[in-house]
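The values are calculated or read from the model by the stated rules, or taken from the named source; none is laboratory data. Remember, predicted model here, so these are calculated numbers, not experimental data. Please note: Cβ atoms are built from the backbone with ideal geometry, for glycine as well, and neighbour counts cover all protein chains shown.
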Amino acid sequence: MFDPNPNARVFAVAPGVDFPRALVDGLRARTMHLPPEGMARVHLVINTKRMSRRIRQLFDEGPACLLPRLSMVTDLGTSGDMTRLPAAVPPLRRRLELTQLISRLLDQEPDLAARASLYDLADSLATLLDEMQGEGVLPEAIRQLDVSDMSGHWARAQKFINIAEHFLGSDDEALDVQARQRRVVENLIEHWQATPPDHPIILAGSTGSRGTTLMLMEAIARLPQGALILPGYDFDQPDTVWTELDEALLSEDHPQYRFRKLMTALDLTPDQIEPWVSTQAPAPARNRLVSLSLRPAPVTDAWMSEGPQLTDLPQAMENVTLVEASSPRDEALAIALRLREAAETGQTAALITPDRMLTRQVSAALDRWDILPDDSAGLPLQLSPPGRFLRHVAGLFVDRLTGESLLTLLKHPLCHGGGDRGNHLRHTRDLELDLRRNGPPFPDDQSLTSFAERREVTPHWLSWITTQFCDQTMTGELPLSAWVDHLRTVAEAISLGSQPETDGPLWEKNAGQKALNVLNTLTDEAQHGGNMTARDFADLLGALLAGEEVRDRDAPHERIMIWGTLEARVQGADLMILGGLNEGSWPEAASPDPWLNRQMRDQAGLLLPERRIGLSAHDYQQAIAAPEVWLTRATRSDDSETVASRWLNRLTNLLQGLPDQQGPDVLQDMRKRGQTWLDWAEVLEDAPRIAPAKRPSPRPPIPARPRQLSVTEIKRLIRDPYAIYAKHVLRLKPLDPLVQAPDALLRGIVIHEILETFIRDSLEDPSILNRHDFLTRSKDLLETHVPWPTARKLWLARIERITDAFIASEIERRKDGGPIAFESKLSLALDPLDFKLVGRADRLDLNSRGALRIYDYKTGAPPTPAQQSKFDKQLLIEAAMAEEGGFEGMDPMPVAQAVFIGVGGTFKEVPAPLDKEPPAKVWADLRTLIEAYFEPDQGFTSRRMLHMDTDIGDYDQLSRFGEWDRTADPMPEDLT
């Protein structure tokens with residue numbers, strides 16, 4: 001098939017040319033003069049299954065012929081005498097072994113790293129291990145590195161790397177995947193050197209970015225009938241530029257660096273790389289422009305000399321559109337519109353981007369036209385319904401059951417799928433309302449049984465929920481196999497439900513089967529995982545699920561695709577949309593290496609972080625050479641400016657610097673074409689303007705207005721009358737949060753009970769009025785009423801700060817009388833208004849002269865006397881009611897004093913200004929206030945006199961606050 005050649009035989013295909021099609025066309029052309037079996041003797045080695053499928057598809061299109069032998073680089077060890085090597089150690093097994101060893105090291109030396117980073121360290125170390133084996137780097141090369149400037153960090157890193165060295169020394173019976181692949185290639189090369197094959201062997205589509213593959217490519221290129229076919233080779237790059245790519249630290253991020261490295265190894269010059277086919281690139285002029293823009297930084301001065309030679313810029317860029325959107329959403333909408341047009345016109349179009357957020361936004365935008373793109377990446381398994389379900393179930397073993405975790409699972413679509421799901425959802429709804437209203441924050445058998453008694457709950461549903469959800473928290477360590485079995489048992493039982501009629505839906509569809517396969521694999525390798533805690537198992541499960549992807553079975557659109565950069569290398573389309581062209585997205589930021597820096601990696605012969613950037617640059621150079629191209633980016637993201645991709649930045653700068661060749665005009669035309677689509681996207685999003693809501697001031701009928709308020713609600717009536725209207729007229733109450741937290745309300749309730757209980761007991765035994773007894777009782781009540789350990793400690797610390805001042809003040813109060821009532825009820829009619837005031841006083845004292853002292857405990861900041869005069873009239877009203885006989889079981893009595901006792905972070909007493917606001921005046925002002933709200937023209941204005949604009953009310957959303965502010969005039973509305 002090939003003529004004898006003293007040099008290594010290397011062919012290439014230019015960027016923009018459909019590589020699989022060019023490969024097939026070149027094979028047909030070179031075997032045309034051979035017998036029919038000539039094609040069948042060709043051994044074609046490729047690097048991805050996607051390319052294999054595409055090549056077979058192209059051969060199936062005709063004309064009829066025998067197919068070449070197709071194999072992948074990773075399959076070379078499954079044929080011939082290579083099968084004598086044992087199967088590679090599964091990656092999961094190696095990871096579990098590394099995890100155990102790192103765990104023991106952290107147990108011995110906890111200062112080395114946080115325990116939470118256990119699996120990240122195992123992953124990173126496994127990656128380093130694979131890389132060392134793939135690149136043929138021995139442990140000695142790592143130990144001999146110059147670490148004079150980082151001895152402290154290196155000493156810590158060396159302890160972890162020594163773990164990896166144990167596996168690098170394994171024999172042939174325990175080879176990792178990369179080690180076995182390298183051994184296969186070495187054996188194959190040795191076999192070829194002894195007995196060179198007499199049939200053509202062609203390795204196509206690889207750039208040689210990994211050491212093992214590069215070694216194989218060199219061997220095949222030197223065979224008598226061997227050849228390489230390189231994708232995306234830049235034929236326009238001058239020899240002087242090729243020679244600048246020899247230094248890895250300076251050139252690793254260049255798209256053609258790997259080809260230069262291959263040529264150096266094969267002792268070839270750039271002119272000895274021959275075109276595989278005569279097919280021209282779709283836009284040769286564009287290829288020359290892009291090649292010039294991607295020159296290495298040290299030789300970008302060539303722009304000045306070679307730029308003026310680009311005389312056909314308008315022709316080169318006539319089919320290139322530049323979209324610079326103001327936001328990722330606008331970018332996604334413009335892309336979706338263009339893909340929709342391609343679907344309508346029968347054009348094949350592909351969005352290429354590593355930005356998964358952008359692809360999700362584009363898919364969502366296409367959904368409005370019922371266009372389902374063929375997304376090659378799919379969905380991470382951990383985000384699929386089975387993945388989320390399994391992670392939630394594993395969470396039951398880690399933390400105490402909360403209302404949130406319970407309802408999250410009960411509402412999951414895979415929960416209770418065995419039958420009678422309607423009743424299950426009804427019970428779940430009732431349980432949620434009950435938990436919000438009554439708690440507790442941590443449901444258990446007792447609370448769930450109490451709920452079942454209050455509601456009509458079927459016994460088998462109650463039994464199912466208490467059995468499968470309660471008391472699942474597990475402390476201590478268990479073997480990994482036990483964790484997997486327990487997870488599977490509990491997950492299947494929860495998925496099946498209380499009345500199983502069929503199998504549960506957990507393992508159905510692609511995602512379910514993929515999740516089941518992960519658990520089966522974990523079961524097979526569990527013996528290598530050792531013992532672990534529930535938290536470690538949950539972290540391990542999450543990491544394994546995150547490493548898998550699943551695709552839906554729905555039939556996607558045959559012409560609209562979403563590709564990652566890897567898929568785009570082996571497939572072609574009429575329109576290529578390069579999306580997300582921003583730094584950090586394309587190219588992605590290099591992953592940090594906790595073990596070796598760039599210089600150390602270069603010295604050891606490992607891959608540099610810039611390798612991935614160079615591969616991305618190569619993908620960009622190939623994709624931008626397509627017949628029609630879109631380049632898109634968002635100029636802002638998350639309220640911050642973005643930075644254009646380095647390659648796009650180079651291209652636009654080069655065009656701007658070529659005014660004599662119409663470069664700026666060409667760039668302006670590219671942007672103008674993109675702006676057209678952005679304008680259309682803006683029209684698509686245009687919605688009719690809706691006038692903002694007015695500041696509400698409803699005027700309900702007089703009979704519907706409240707006839708009873710509590711003393712504490714008078715403050716709300718003054719400051720935010722709309723809240724009184726919503727609560728008492730509309731009878732709307734805020735829904736309690738599902739996740740009960742140790743908030744200010746609970747703290748107030750608990751502190752009140754602590755103080756009341758302590759003061760009541762001290763009346764019988766005054767000797768307990770001391771710091772020790774007070775704190776002991778406080779701690780006991782906190783243990784009873786506050787199930788959050790952190791909150792208990794914080795609140796007890798606050799109590800400790802005010803204890804001495806509180807005890808001293810209490811002793812002083814006892815010198816003139818003492819407490820006579822706690823939580824005393826108030827009730828008094830405001831005749832003749834048919835209106836009643838109700839309430840409770842925290843504490844009543846009687847002094848030696850027979851007058852009352854009214855006390856109210858405040859865990860927040862007590863209101864100042866001025867605030868009490870105008871707004872917070874609670875104590876003033878209670879004093880007035882006391883003198884009017886408002887306390888139940890008590891005659892009208894004079895009030896000597898009313899005091900707010902602040903027991904928050906600091907102890908503070910703030911008396912009510914009874915001298916400036918005597919009870920008679922307070923009672924008259926209150927009557928005037930209530931009378932006003934029984935007038936037909938008096939509205940309940942929203943946020944009438946709030947203390948601060950930042951204050952949040954329970955009914956702000958109902959009043960649509962935000963569409964108006966405090967400067968807006970109220971809009972009265974008569975209601976019927």
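So the values come out like this:
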{"item": "Scan of region 303-334 for residues that are over 43 Å from the mean Cα position of the chain (by Cα), among the small types (Gly, Ala, Ser) and either exposed (fewer than 15 other Cβ atoms within 10 Å of the Cβ) or under 17 Å from Thr676 (Cα atoms) (or both), ordered by number", "result": "Ser305"}
{"item": "Residue in region 836-865 that is surrounded by the most Cβ atoms within 10 Å (Cβ to Cβ), counting only those that are farther than 19 Å from Glu756 by Cα and touching a Pro at 6+ places or on another chain (Cβ under 8 Å)", "result": "Pro865"}
{"item": "Meets criteria (surrounded by fewer than 16 Cβ atoms within 10 Å (Cβ to Cβ), at pLDDT below 90 and not assigned by TED's automatic domain parsing to the domain that holds Ser117) for Ala573", "result": "no"}
{"item": "Members of region 282-291 that are of a type in the set (A, V, I, L, M, F, W, C) and either part of a loop (DSSP other than H, G, I, E, B) or without any contact (Cβ under 8 Å) to a residue 60 or more places away in the chain (or both)", "result": "Ala283, Ala285"}
{"item": "Any hit, region 139-148, residues being at pLDDT below 75, within 24 Å of Gln603 (Cα to Cα), outside any loop (DSSP other than H, G, I, E, B) and hydroxyl-bearing (Ser, Thr, Tyr)", "result": "no"}
{"item": "Scan of region 267-281 for residues that are assigned to a loop (DSSP other than H, G, I, E, B) and either surrounded by fewer than 14 Cβ atoms within 10 Å (Cβ to Cβ) or among the polar types (S, T, N, Q) (or both), ordered by number", "result": "Asp267, Thr269, Ser278, Thr279, Gln280"}
{"item": "Scan of region 866-901 for residues that are surrounded by fewer than 21 Cβ atoms within 10 Å (Cβ to Cβ) and of a type in the set (Gly, Ala, Ser), ordered by number", "result": "Ala866, Ser869, Gly885, Gly889, Ala896"}
{"item": "Residue within region 906-925 that is in contact with a strand residue (DSSP E or B) (Cβ under 9 Å, 6 or more places away or on another chain), surrounded by 12 or more Cβ atoms within 10 Å (Cβ to Cβ) and either at pLDDT below 90 or part of a loop (DSSP other than H, G, I, E, B) (or both) present", "result": "yes"}
{"item": "Residue among Asp969, Asp951 that is loosely packed, with under 12 Cβ neighbours inside 10 Å and either touching a strand residue (DSSP E or B) at 6+ places or on another chain (Cβ under 9 Å) or over 27 Å from Pro700 (Cα atoms) (or both)", "result": "Asp969"}
{"item": "Among (1) buried (at least 17 other Cβ atoms within 10 Å of the Cβ); (2) outside any loop (DSSP other than H, G, I, E, B); (3) not polar (S, T, N, Q) - the single one Pro443 does not satisfy", "result": "(2)"}
{"item": "Residue selected from region 71-92 under the condition crowded, with 17+ Cβ neighbours inside 10 Å and touching a strand residue (DSSP E or B) at 6+ places or on another chain (Cβ under 8 Å), by the criterion modelled with the lowest pLDDT", "result": "Leu76"}
{"item": "Residue within region 454-462 that is buried (at least 20 other Cβ atoms within 10 Å of the Cβ) and either touching a residue at least 40 places away in the same chain (Cβ under 8 Å) or of a type in the set (D, E, K, R) (or both) present", "result": "no"}
{"item": "Residue in region 792-806 that is assigned by TED's automatic domain parsing to the domain that holds Val739, part of a loop (DSSP other than H, G, I, E, B) and either more than 51 Å from the chain's Cα centre (by Cα) or among the hydrophobic types (A, V, I, L, M, F, W, C) (or both) present", "result": "no"}
{"item": "Residue count for region 474-493, restricted to those that are in contact (Cβ under 8 Å) with a residue 40 or more places away in the chain and either surrounded by 13 or more Cβ atoms within 10 Å (Cβ to Cβ) or of a type in the set (D, E, K, R) (or both)", "result": "12"}
{"item": "Members of region 678-717 that are closer than 21 Å to Phe871 by Cβ and surrounded by fewer than 17 Cβ atoms within 10 Å (Cβ to Cβ)", "result": "Gln708, Ser710, Thr712"}
{"item": "Helices (runs of 4 or more DSSP H) wholly inside region 292-405 containing at least 2 residues that are closer than 30 Å to Ala546 by Cβ", "result": "328-345, 356-366, 385-398"}
{"item": "Residue in region 512-529 that is surrounded by 20 or more Cβ atoms within 10 Å (Cβ to Cβ), within 25 Å of Asp445 (Cα to Cα) and assigned by TED's automatic domain parsing to the domain that holds Thr402 present", "result": "no"}
{"item": "Any hit, region 831-849, residues being over 18 Å from Leu929 (Cβ atoms), in a loop (DSSP other than H, G, I, E, B) and either within 58 Å of the chain's Cα centre (by Cα) or modelled with pLDDT under 90 (or both)", "result": "yes"}
{"item": "Within region 598-684, helices (runs of 4 or more DSSP H) holding 1 or more residues that are modelled with pLDDT under 90 and not assigned by TED's automatic domain parsing to the domain that holds Gln256", "result": "598-604, 610-623"}
{"item": "Residues of region 174-216 classified as buried (at least 17 other Cβ atoms within 10 Å of the Cβ), charged (D, E, K, R) and over 25 Å from Met263 (Cβ atoms), total", "result": "3"}
{"item": "Hits in region 285-301 (condition: among the hydrophobic types (A, V, I, L, M, F, W, C) and in contact with a Pro (Cβ under 8 Å, 6 or more places away or on another chain))", "result": "Val290, Leu294"}
{"item": "Residue in region 703-723 that is within 30 Å of Phe934 (Cβ to Cβ), without any contact (Cβ under 8 Å) to a residue 24 or more places away in the chain and in contact with a strand residue (DSSP E or B) (Cβ under 8 Å, 6 or more places away or on another chain) present", "result": "no"}
{"item": "Complete set of residues in region 717-756 that are of a type outside the set (A, V, I, L, M) and either under 29 Å from Ile799 (Cβ atoms) or not assigned by TED's automatic domain parsing to the domain that holds Arg707 (or both)", "result": "Pro734, Asp736, Pro737, Gln740, Pro742, Asp743, Arg747, Gly748, His752, Glu753, Glu756"}
{"item": "Residues (modelled with pLDDT of 90 or more and either assigned to a helix (DSSP H, G or I) or more than 39 Å from the chain's Cα centre (by Cα) (or both)) located in region 246-266", "result": "Tyr257, Arg258, Phe259, Arg260, Lys261, Leu262, Met263, Thr264, Ala265, Leu266"}
